[in-house]
Amino acid sequence: MARTTDNFTNNSKTAVNYAVVYSVILDNTHPRYNNPSDIGAVEFRKWDDFNTPEEKLPLAYPSNKNFIDLPLKNEKVEIRTIEGVHCYSRYIKDVSGNKNISSAVNEIMARFGNVTDERKDISERDKANHFANVSETQIPRSTLDGPTGTNHNGYGRLFVPANIHHLSLNDGDTLIESRFGQSIRLSAYNNPNRAFAPTIIIRNREASSTQIFSAKSGSITEDINRDGSIIFLGSGEHVLPFIPGTIDEKGGTDFAQTPNSFKPYPTELKGDQMLLSSGRIILSAKNAEMMFYSKGNYGFISDAGMSIDNKGGINVNVGEDIHVVTNNRNVNIVSGNGSIFLGSKDLEPMVKGQKLVEILAELIDQIGSMIFLTPSGPSAEGPKNLPEFGKIKSKLNDILSKINQTA
């Protein structure tokens, strides 16, 4: 039979006891902090007692210290007392906490209207004292707090409500959601055909396109193309609707490059697969190797350039031909004083085309001016077919490449 362990609630038939968070111990600057186990605890005010002085407010600790779902100031929470220790759980109606907090504050105001009147009569000196308290402890104390220290203004140091939506559920889902739009979903039927296909979706930040709508507008599902950073692990017949780039409202993308050389490109992204998608991705191996294995083809597809900056060398060992298509662009190999070797054995030096033309031209000129000694004296200058040598000389530049050059 359910029973209550104290008088926090006005309903004696339920084992759930309600309270309102007065402050949250976030770090060791809180005046109620005594040891590290206090971090995550909250000062709370009994739901049916708003007259307890601030210095006598009880503390409640997370129900599960290994999984802390931290409430905000003025948030309504459930309190259970176990062996004399108060433990809290968030009284979650709205995943972002927005409606929960607002409704709690409104309910407080409705039940304790005299508190509102008292707050109107705070003197300027009292306000200054409250500000001084914030300065010394870094713990928010509203300037509207009444003499009893009701602390109804604000949600804490930094929190601002946002239009964060609940995620829709599927049969058997395990789901973790935060008030900031992060989520972890373990599911098996989150696909259009509702076929069994286990998936894991880790999401950081709800898409801006859905945040513009009120949180009351209904639940949503993850959008792997528009949400913030996404890690997706799929299987079975779950087809990943991945589109590269930034997606607009109509489903178009700003990504221009197509996988022309990556063949065959899969027609459907399904089966055991993993997607890591974000605005920027950094992979770092701090003190050991980074290795990439692929049983199938692998490719790099980008709207921008590719560069490799290595302190060491580069070794490439392939089993088939190498094709480089530059689409009328240059290929530059800048070796400085280093050498370029083409082939692996019986290597010979390369010929400089322009220098070869100059030497052959000199040779033809000398042939054209040859004089032979004969018994009857020196011969006439040049061979009889001198014009033909001139024609050959005029064609020497034809041996020069119009595109490729070497040092």
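What follows draws every value from the coordinates through simple rules; no lab data is involved. This one's a predicted model, so the numbers in the text were calculated from it and none came from an experiment. No Cβ is skipped: glycine too gets one built from the backbone with ideal geometry, and neighbour counts run over all protein chains shown.
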(request) Fewest Cβ neighbours within 10 Å first, please rank His238, His166, His86 accordingly. (result) His166, His86, His238
(message) Normalised by the empirical 2.2 N^0.38 Å for globular proteins, what value does the Cα Rg of segment 353-399 take?
(response) 1.37
(message) With the cut-off at 1.5 for a/c, could you classify segment 246-292 from its C-alpha gyration tensor as rounded, prolate or oblate?
(response) prolate
(request) Take the alpha-carbon centre of segment 37-62, take the same for segment 263-314, and report the distance between them in whole Å. (result) 52 Å
(request) Treat the count of other C-beta atoms within 10 Å as a stand-in for reagent exposure and order Val77, Val160, Val357 from fewest to most. (result) Val160, Val357, Val77
(request) Sort Met350, Met291 so the one with the fewest other Cβ atoms within 10 Å of its own Cβ comes first. (result) Met291, Met350
(request) Starting at the first residue of segment 85-92, write each ³J(HN,Hα) from the Karplus equation 6.51 cos²θ - 1.76 cosθ + 1.60 with θ = phi - 60°, in whole Hz, x for Gly and Pro. (result) 10, 7, 10, 10, 9, 5, 8, 8
(message) Can you give me the long-range amide H partners of Ile247? Hydrogens built in the peptide plane at 1.01 Å from N, cutoff under 5 Å, separation of 5 or more residues or another chain.
(response) none
(message) Please report the equivalent ellipsoid semi-axes of segment 175-255, computed as sqrt(5 x eigenvalue) of the Cα gyration tensor, largest first, in whole Å.
(response) 20, 17, 12
(message) I need the peptides 272-281, 334-343 ranked by packing, meaning the mean over residues of other C-beta atoms within 10 angstrom, with the highest value on top.
(response) 272-281, 334-343
